[in-house]
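The values are calculated or read from the model by the stated rules, or taken from the named source; none is laboratory data. Predicted model only: the values in this text are computed from it and were never measured. Please note: Cβ atoms are built from the backbone with ideal geometry, for glycine as well, and neighbour counts cover all protein chains shown.
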Amino acid sequence: MRKNTVKAFTLVEMLIVIVIIGILIAALMPRMQAAQWRARDVSRKTALSQIQSAIVTSQWDKWVWPGCTTTGCSDSWYDIKTIETQLTAAWMNSIPTDPLQWTTFEWIWEGKGSWWEYRYIVTKRNWTERWWFVLMAKTEVEWWSNWVTCETALDLSSWKIRTTDDIKDIHLCQTVAKVWDDAACNECKSNDSTKCCYNNDSELRYIVVY
């Protein structure tokens, strides 16, 4: 009498399959994560483009930048949410939020920790004041970043953008490189003036100069 036999994987074969699947997942995860970073950066750049159009439209209508008055503007960065009413009045449905679920990200400014998302500052070009502005957002992918905030105590002026700064002097990155510590930022920049260096991923930025 013939015995019925059922073909099945052995325990060793099952373990081999599980190990192979684990290796494939581990190899694919970094690429999937990088794709998510790029997608969020695209969303941030799109948001800055929308905000820029609304700011310009508001200025055309009122002849003054959002958040400013006829006598002047703030000496610090504006949180976009503080000028929401003026931007939505300029044909902007709502203020964009960062693609990550939280509404703010950490920004280091003059040694003080604060939290914000998209911001802009009114500054000058060729010494003409209150006719130009800069928008800024966080980025996660270094090769899509055009500016960094390397918080080195050696040269804080290299990454600040203030109302007293001239837009023509802003150093946009042609290449971005990661260094071991903040102190190495100056050395990196001195060796190649077209390169921007950063130590921590939180220092990556994308700015729009108008």
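Residue under question is Thr123, and the condition is that it be at pLDDT 80 or above and not in a strand (DSSP E or B); does it hold? Talk me through it step by step, then tell me what you get.
Details: at pLDDT 80 or above: yes; not in a strand (DSSP E or B): no.
Taking the combined requirement at face value, the residue does not satisfy it.
So Gly111 fits all but one of (1) exposed (fewer than 12 other Cβ atoms within 10 Å of the Cβ); (2) modelled with pLDDT of 80 or more; what number is the exception?
Gly111 satisfies all of (1) exposed (fewer than 12 other Cβ atoms within 10 Å of the Cβ); (2) modelled with pLDDT of 80 or more except (2).
Of all the residues that make up segment 40-71, how many are closer than 16 Å to Thr139 by Cβ, touching a Ser or Thr at 6+ places or on another chain (Cβ under 7 Å) and of a type in the set (Gly, Ala, Ser)?
Residues in segment 40-71 being closer than 16 Å to Thr139 by Cβ, touching a Ser or Thr at 6+ places or on another chain (Cβ under 7 Å) and of a type in the set (Gly, Ala, Ser): 0 in total.
Among the residues of segment 35-77, count how many are assigned to a loop (DSSP other than H, G, I, E, B) and of a type in the set (Asp, Glu).
Narrowing segment 35-77 to residues assigned to a loop (DSSP other than H, G, I, E, B): 63-68, 70-71, 73-77.
Remaining after also requiring of a type in the set (Asp, Glu): 75.
The total comes to 1.
To keep it simple, each residue is scored yes or no on (1) exposed (fewer than 12 other Cβ atoms within 10 Å of the Cβ); (2) touching a strand residue (DSSP E or B) at 6+ places or on another chain (Cβ under 7 Å); (3) at pLDDT 80 or above.
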{"residue": "Trp132", "(1), (2), (3)": "no, yes, yes"}
{"residue": "Asn146", "(1), (2), (3)": "no, yes, yes"}
{"residue": "Leu156", "(1), (2), (3)": "no, no, no"}
{"residue": "Asp166", "(1), (2), (3)": "no, yes, yes"}
{"residue": "Asp169", "(1), (2), (3)": "yes, no, yes"}
{"residue": "Val176", "(1), (2), (3)": "no, yes, yes"}
{"residue": "Val179", "(1), (2), (3)": "no, yes, yes"}
{"residue": "Cys197", "(1), (2), (3)": "no, yes, yes"}
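Within segment 21-34, does at least one residue satisfy the condition of being touching a residue at least 60 places away in the same chain (Cβ under 8 Å), within 22 Å of Thr163 (Cβ to Cβ) and either out of contact with any Pro (no Cβ under 8 Å at 6 or more places or on another chain) or among the hydroxyl-bearing types (Ser, Thr, Tyr) (or both)?
No, segment 21-34 contains no residue that is touching a residue at least 60 places away in the same chain (Cβ under 8 Å), within 22 Å of Thr163 (Cβ to Cβ) and either out of contact with any Pro (no Cβ under 8 Å at 6 or more places or on another chain) or among the hydroxyl-bearing types (Ser, Thr, Tyr) (or both).
For segment 45-56, how many residues are over 19 Å from the mean Cα position of the chain (by Cα) and surrounded by fewer than 17 Cβ atoms within 10 Å (Cβ to Cβ)?
Summing the residues that are over 19 Å from the mean Cα position of the chain (by Cα) and surrounded by fewer than 17 Cβ atoms within 10 Å (Cβ to Cβ) in segment 45-56 gives 1.
Does segment 90-100 contain any residue that is at pLDDT 80 or above, among the aliphatic types (A, V, I, L, M) and not in a strand (DSSP E or B)?
Yes, the conditions are met somewhere in segment 90-100.
Can you find even one residue in segment 58-73 that is surrounded by 14 or more Cβ atoms within 10 Å (Cβ to Cβ), at pLDDT 85 or above and on the phi > 0 side of the Ramachandran plot? Steps first, please.
Of all residues in segment 58-73, those surrounded by 14 or more Cβ atoms within 10 Å (Cβ to Cβ) come to 58-59, 62, 64-68, 73.
Right, trim to at pLDDT 85 or above and you get 58-59, 62, 64-68, 73.
The next check asks that each one be on the phi > 0 side of the Ramachandran plot; those that pass are 67.
Taking every residue of segment 58-73 in turn, at least one turns out to be surrounded by 14 or more Cβ atoms within 10 Å (Cβ to Cβ), at pLDDT 85 or above and on the phi > 0 side of the Ramachandran plot.
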